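Peer 1: Below: one structure in structure tokens.
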Amino acid sequence: MNWINYDLNKRHCYLPELLQTVRLALLPAIYLMENVATEELITKQRKSKEIVEEAIRCKLKILQNDGVVTSLCARPRKTGHALFLLGGQTFMCDKLYLVDQKAKEIIPKADIPSPRKEFSACAIGCKVYITGGRGSENGVSKDVWVYDTLHEEWSKAAPMLVARFGHGSAELKHCLYVVGGHTAATGCLPASPSVSLKQVEQYDPVTNKWTMVAPLREGVSNAAVVSAKL
């Protein structure tokens, strides 16, 4: 809006085109309805007003879980086309590889600082978060390691509240969620997993803090995310 207002007479005609490039339905509902929808430049221009009204309808559908919303204004932007290979279930691994689809080659990257298996990985922006897993002597871990794809280096984040492996993780509204999994291996070798966990944790990268959220009705392992719904 500052760009439009800088030269209002010449630039106001570009407002609808600019609004169409913004994922308006991904904004917080209160901000969308109380700030964007009431903006004077938008309310006075029919096309711009229609774009915002459509975004509000999409936002309400999202909040009410009313089917899958496919409108562009509600579609998260793709962070890129990078594909990383890491981890595994059978053997301890500390390797990270980048799959270069254009060059058709696999490029080694910085090793994971702590070898492990059966962890979960999730990308938020330009960072890859690996959570939990089984480390030395099959010990179950709470550790969280973060790979910065821009600087190509690892750092440690706050540990999870519950140690787990075989769990799922996903990004939702810029936070990381870890779901289900197992918390211990029981019995003699070969060890068998414990009962699947119901606990769900949320991690906020801004505050570097974990919070317990509503648990699952039943324990699960290797959970996934579909259509922005956990």
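The values are calculated or read from the model by the stated rules, or taken from the named source; none is laboratory data. From a predicted model like this one, the values you see are computed outputs, not experimental measurements. Every residue, glycine among them, receives a Cβ derived from its backbone with ideal geometry; neighbour counts consider all protein chains shown.
Peer 1: Hey, among LEU72, LEU26, LEU19, LEU60, which residue is among the aliphatic types (A, V, I, L, M), modelled with pLDDT under 90 and more than 23 Å from ILE124 (Cβ to Cβ)?
Peer 2: LEU60 is the lone residue from the list that is among the aliphatic types (A, V, I, L, M), modelled with pLDDT under 90 and more than 23 Å from ILE124 (Cβ to Cβ).
Peer 1: While we're here: Name the residues in region 183-193 that are of a type in the set (S, T, N, Q) and either modelled with pLDDT of 75 or more or more than 17 Å from ASN222 (Cβ to Cβ) (or both), would you?
Peer 2: THR183, THR186
Peer 1: Take the conditions in a loop (DSSP other than H, G, I, E, B) and of a type outside the set (Gly, Ala, Ser) and apply them to VAL69. Does it pass?
Peer 2: Yes.
Peer 1: Looking at (1) free of Cβ contacts under 8 Å to residues at least 60 places away in the same chain; (2) surrounded by 19 or more Cβ atoms within 10 Å (Cβ to Cβ), which one does TYR129 not meet, given that it meets all the others?
Peer 2: The failed condition is (1).
Peer 1: Here are some residues: ILE42, ILE62, ILE51. Which one is outside the structural domain of LYS127 (by TED's automatic domain parsing), touching a residue at least 60 places away in the same chain (Cβ under 8 Å) and of a type outside the set (Ser, Thr, Tyr)?
Peer 2: ILE62
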